[in-house]
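The next block holds one structure in the form of C-alpha cells; read it before the comments.
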Amino acid sequence: MSLEAKHRIRRIIIPGVLVILGGLILIQFINRPVFANPPVTGDFQAPQDVKAILKRACYDCHSNETNVRWYDRIAPANWKVAEDIKKGREGLNFSSWSALAKPDQAAKLWEAVNQIQAAAMPIKSYQIVHPGTKVSASDLLVLKNYLTEMLNNKPSDTSKTNALDKQYGKWVEGAANAPKINLPVALNGIEFIPDYKNWQVVTTSDRFDNNTMRVIFGNDIAIKAIRENHINPWPNGTIFAKVAWDKLSDKDGNVKTGAFKQVEYMIKDDQKYGSTAGWGFARFKTPKMLPYGKTKLFATECVNCHRPMSKNDFVFTLPVKN
C-alpha cells in the first residue's frame, strides 16, 4: 500500500473515530437516569443460604438495595439498566415483602423459582455483564427445597371438599334445563371459548403455592405447531386454554381436582394483538365465567408476567414430549 493511500485511510478513519468518541461522551449527559434506592420497608426473611442466593441473583432489580456498578452507569447501557430496575421492582420487590399477603408471597416466590428454573431469570444479558448472579443447579435446589418446606401442603380441609360437592350439585341441577345464554366477553373483546374442552392436552402444572391443579389445552393449530416443532414463534391462530381447579389431597398424598377456579386464554395474532406482544389474553373466573380485570388494560399485567419468556414467544408452556 502506498504512503498516499495510508494517509487517505487515516484521514477517513481518525475523524470517524473522533466523532464516535464525541458522541459517546455527549450521550453521557443526555437523559442521564438517577439511580436511587428507596427505603426498605419490609425485607424478605428466609434462612441465610436462601437469602444469600436471592440477594446475589435478584436484588439488583427486585429490591431497594440495588448495587449499581460503575459500568452500569455508562450510556447507553444505563438507560436499559434503569428500565430493568423499574420493571423489576414493579413486578417483585423483596424490600416491601411484608406488605404482601401470605398467599401473594407464596405465589411470587413460586413464580420467581420457576422463572429461574426456566432460565428466564436472571436475564441472560444481565448475567453476561454480572457473572456472579448466575444461579447454579445446587442454588436452585436450595430454593426449591425452601419453597416446598415453606408451603408444606397438608391434606385438604373439608371446606374444599364441600366446595366441590356444592359446585357439582349446582351443575347437575342446572345442566338439563340450562337456557341458552350469550357467551361472556373479556374487557378487551375476547369471547369465552367453550370448545376448549375438546382440545388436546399440551401439559399440566401443579401450583402448590396456592393448592391448585392446572391443565393447559391447545387448539388444532397449537397441536400441529408442536408436531412440526414450530413453537418459537407460535403461528397465528394458536390458542391455549389453561384451566385451574382446587387441588384436593388426602392423608396418603393422593390428589385429585376439586372445585373449578378459572380458565385463561392466550390467542396468537401478531397483528391484532401487537400491543400485547402478539398475544390476546383473557381470564374467566368461577363457574359463572366472570371476566377478569377492571379495564381492558388488564392484559398489560399478563404481558408483564410473561415478559421473562420473551425469547420463547412469551410462552411458559413447554409441550409434553412423547
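The values are calculated or read from the model by the stated rules, or taken from the named source; none is laboratory data. Note that the coordinates shown come from a computational prediction; the quantities given were computed from them, not determined experimentally. Positions of Cβ are generated from backbone atoms using ideal geometry, with glycine treated the same way; all protein chains shown enter the neighbour counts.
Within the stretch 272-292, the only residue that satisfies the criterion of being within 16 Å of N304 (Cβ to Cβ) and loosely packed, with under 14 Cβ neighbours inside 10 Å is S275. If you go through the stretch 293-306 and pick out every residue that is under 23 Å from G237 (Cβ atoms), in contact (Cβ under 8 Å) with a residue 40 or more places away in the chain and either crowded, with 19+ Cβ neighbours inside 10 Å or among the polar types (S, T, N, Q) (or both), you end up with 1. Considering every residue within the stretch 54-66, establish whether at least one is in a helix (DSSP H, G or I), outside the structural domain of H306 (by TED's automatic domain parsing) and under 21 Å from F314 (Cα atoms). So far as the stretch 54-66 goes, no, none of its residues is in a helix (DSSP H, G or I), outside the structural domain of H306 (by TED's automatic domain parsing) and under 21 Å from F314 (Cα atoms). Within the stretch 76-111, being buried (at least 18 other Cβ atoms within 10 Å of the Cβ), small (G, A, S) and assigned to a loop (DSSP other than H, G, I, E, B) holds for one residue alone: S95. Just one of the listed residues (E301, E264) is out of contact with any Pro (no Cβ under 8 Å at 6 or more places or on another chain) and under 23 Å from K170 (Cβ atoms), and it is E264.
Checking each residue in the stretch 237-264 for being under 14 Å from F314 (Cα atoms) and surrounded by fewer than 21 Cβ atoms within 10 Å (Cβ to Cβ) picks out no residue at all.
Looking only at residues of the stretch 126-152 that are of a type in the set (S, T, Y) and touching an Asp or Glu at 6+ places or on another chain (Cβ under 9 Å), we find that the one that is farthest from K311 (Cα to Cα) is Y146. T203 falls short on exactly one of the conditions (1) more than 18 Å from the chain's Cα centre (by Cα); (2) of a type in the set (S, T, N, Q); (3) buried (at least 16 other Cβ atoms within 10 Å of the Cβ), and that condition is (1).
Listed here are the strands (runs of 3 or more DSSP E) enclosed by the stretch 204-322 that have at least 1 residues being among the β-branched types (V, I, T) and assigned by TED's automatic domain parsing to the domain that holds K166: 212-218, 239-249, 255-268.
Before we move on, is I193 at pLDDT 90 or above, among the β-branched types (V, I, T) and under 20 Å from F260 (Cβ atoms)? In short, yes.
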